[in-house]
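S.K.: The structure is given below, and queries will be raised subsequently.
The values are calculated or read from the model by the stated rules, or taken from the named source; none is laboratory data. Model, not experiment: these values are computed from the prediction. With ideal geometry, Cβ positions are generated from the backbone for all residues, glycine too; neighbour counts draw on all protein chains shown.
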């Protein structure tokens with residue numbers, strides 16, 4: 001089964017590394033990329049407006065992005081009845097307690113920090129895929 | 001400053017008078033005066049903006065104990081001090097926000113550098129000779145090192161700018177028991193190594209920060225140690241001033257006394273042949289100072305180290321403070 005993931009990430013290098021890690025972990029993923037929060041919201045609302053086109057199964061959300069940051073994206077999604085149920089995993093380098101608390105308050109489903117070590121990052125992506133793409137039952 | 005609602009009431013009152021005066025046929029000159037007054041009150045209302053102007057009563061003056069009269073000089077000094085403290089707190093908050101944002105931005109490049117080096121090694125490593133492979137390994141290690149430095153700097157600056165640190169009783173025995181389990185699980189404490197402690201006190205501290213102190217000291221004791229059986233022993237000694245000295249002693253490689261004065265400074269590495277960033281002991285020192293204590297070391301080369309730091313007893317009535325000990 002191919003899962004649809006929307007990755008909201010402003011750094012192209014991080015996009016490439018995440019793509020590579022998902023591929024290495026062996027998950028069949030249709031990965032859509034948004035370069036900032038504004039693009040992510042536009043993409044979701046565009047999909048939402050098109051009949052027959054499904055929303056992504058999962059949103060991987062960077063926290064600090066230009067134009068519209070992760071917090072605003074979460075706030076907007078959780079207020080929209082059509083998008084409210086979308087599972088959102090924050091994937092960021094920030095380990096600030098304030099950011100973690102804020103992300104959960106705004107309604108993220110999980111908060112993951114990106115390790116510096118590539119092998120550790122691979123483990124995080126593998127664990128993310130194992131939970132969200134294999135075991136968790138996602139909303140339709 | 002007269003509050004906006006006074007202007008509104010004044011304006012309403014004057015307008016009422018104008019209408020009543022007109023009704024009862026007051027002379028035009030009187031009506032003109034009333035009209036001017038109403039316009040002036042309306043202007044005053046607009047002049048002082050949309051929001052209410054709050055009249056915050058000034059704090060009471062300090063009374064001189066001998067005369068029971070207000071003492072202007074003491075009051076002035078107190079008010080200046082309050083303003084200075086408020087200004088410092090605001091600057092501290094700005095600094096903390098700046099440090100947090102900077103650390104976040106600085107973490108990203110080393111992460112991707114390490115990731116790309118790894119990808120190059122995995123996908124194109126077969127095209128490289130031993131030197132090329134070593135270069136990629138160097139890139140990974142330096143990227144990891146840079147990320148550790150950024151993290152360490154951020155943690156030290158966060159500790160140094162902390163105010164109103166909430167303190168709680170922390171049982172050192174429980175804290176170390178948890179740490180021992182975690183280190184054993186991660187393979188850092190091997191079966192032949194020993195981490196033991198005597199009956200330790202309950203101290204008044206911040207549990208997260210104290211965990212950081214022990215983590216750094218224990219990691220150093222295990223890292224800078226070539227013994228086949230590594231031994232770390234933690235003991236405590238009660239002092240006269242309601243504080244405890246906590247001693248962490250190991251059988252590691254020790255430190256030459258001539259280098260000890262600078263070992264708690266940032267980026268000072270006593271053993272360059274071992275990997276490290278030189279941030280750990282600076283963080284330990286910053287935390288212990290924030291908890292109102294001091295840390296020092298006794299060591300000679302080849303004879304291990306004993307780190308001693310002091311913490312408040314949990315039985316002491318804690319006068320809330322977060323200022324470092326002078």
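To keep it simple, each residue is scored yes or no on (1) more than 10 Å from chain A (Cβ to nearest Cβ); (2) over 30 Å from residue B:235 (Cα atoms); (3) in contact with a helix residue (DSSP H, G or I) (Cβ under 6 Å, 6 or more places away or on another chain); (4) assigned to a helix (DSSP H, G or I).
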| position | (1), (2), (3), (4) |
| --- | --- |
| B:102 | yes, yes, no, yes |
| B:113 | no, yes, yes, yes |
| B:122 | no, yes, no, yes |
| B:139 | yes, yes, yes, yes |
| B:145 | no, yes, no, yes |
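S.K.: Looking at segment A:54-62, is at least one residue within 14 Å of chain B (Cβ to nearest Cβ), under 21 Å from residue A:111 (Cα atoms) and either in contact with a helix residue (DSSP H, G or I) (Cβ under 7 Å, 6 or more places away or on another chain) or modelled with pLDDT of 90 or more (or both)?
M.R.: Looking for residues that are within 14 Å of chain B (Cβ to nearest Cβ), under 21 Å from residue A:111 (Cα atoms) and either in contact with a helix residue (DSSP H, G or I) (Cβ under 7 Å, 6 or more places away or on another chain) or modelled with pLDDT of 90 or more (or both), one finds at least one in segment A:54-62, hence yes.
S.K.: Can you tell me which residue in segment B:262-288 is surrounded by the most Cβ atoms within 10 Å (Cβ to Cβ), limited to those that are in contact with a strand residue (DSSP E or B) (Cβ under 8 Å, 6 or more places away or on another chain) and more than 23 Å from residue B:302 (Cβ to Cβ)?
M.R.: Restricting to residues being in contact with a strand residue (DSSP E or B) (Cβ under 8 Å, 6 or more places away or on another chain) and more than 23 Å from residue B:302 (Cβ to Cβ), the top hit is B:288.
S.K.: Right, another one. Tell me, yes or no, whether segment A:76-83 has at least one residue that is over 16 Å from the mean Cα position of the chain (by Cα) and within 23 Å of residue A:13 (Cα to Cα).
M.R.: No, segment A:76-83 contains no residue that is over 16 Å from the mean Cα position of the chain (by Cα) and within 23 Å of residue A:13 (Cα to Cα).
S.K.: Does segment A:91-104 include one or more residues that are on the phi < 0 side of the Ramachandran plot and away from every other protein chain (no Cβ under 14 Å)?
M.R.: Yes, the conditions are met somewhere in segment A:91-104.
S.K.: Follow-up question, since we're still on this one. With surrounded by 14 or more Cβ atoms within 10 Å (Cβ to Cβ), part of a helix (DSSP H, G or I) and modelled with pLDDT of 90 or more as the only criterion, which of B:153, B:176 stands out?
M.R.: Of the residues listed, the single one that is surrounded by 14 or more Cβ atoms within 10 Å (Cβ to Cβ), part of a helix (DSSP H, G or I) and modelled with pLDDT of 90 or more is B:176.
S.K.: Conditions: (1) surrounded by 20 or more Cβ atoms within 10 Å (Cβ to Cβ); (2) on the phi > 0 side of the Ramachandran plot. Residue B:164 meets all but one. Number of the miss?
M.R.: Among (1) surrounded by 20 or more Cβ atoms within 10 Å (Cβ to Cβ); (2) on the phi > 0 side of the Ramachandran plot, residue B:164 violates only (1).
S.K.: Scan segment A:43-62 residue by residue and report those that are over 10 Å from the mean Cα position of the chain (by Cα), under 18 Å from residue A:90 (Cα atoms) and in a loop (DSSP other than H, G, I, E, B).
M.R.: Within segment A:43-62, A:55 is the sole residue that qualifies.
S.K.: If you don't mind, there's one more thing I want to ask. Go through (1) more than 14 Å from chain A (Cβ to nearest Cβ); (2) surrounded by 14 or more Cβ atoms within 10 Å (Cβ to Cβ) one by one and return the number of the condition residue B:126 breaks.
M.R.: (2)
S.K.: Of the residues in segment A:83-95, how many are within 28 Å of residue B:145 (Cα to Cα) and surrounded by fewer than 18 Cβ atoms within 10 Å (Cβ to Cβ)?
M.R.: 1
S.K.: Restricting the search to segment A:9-42, which residues are assigned to a loop (DSSP other than H, G, I, E, B) and within 14 Å of another protein chain (Cβ to nearest Cβ)?
M.R.: Those that are assigned to a loop (DSSP other than H, G, I, E, B) and within 14 Å of another protein chain (Cβ to nearest Cβ): A:9, A:10, A:11.
S.K.: So, residue A:111, is that one more than 13 Å from chain B (Cβ to nearest Cβ), at pLDDT 95 or above and more than 30 Å from residue B:116 (Cα to Cα) or not?
M.R.: When the stated conditions are applied, residue A:111 does not pass them.
S.K.: Can you name every residue in segment A:96-120 that is surrounded by 23 or more Cβ atoms within 10 Å (Cβ to Cβ) and not in a loop (DSSP other than H, G, I, E, B)?
M.R.: Listed by number, the residues that qualify are A:103, A:118.
S.K.: Consider residue B:56 carefully, then state whether it is modelled with pLDDT under 80, more than 30 Å from residue A:97 (Cα to Cα) and in contact with a helix residue (DSSP H, G or I) (Cβ under 9 Å, 6 or more places away or on another chain).
M.R.: Criteria not met by residue B:56.
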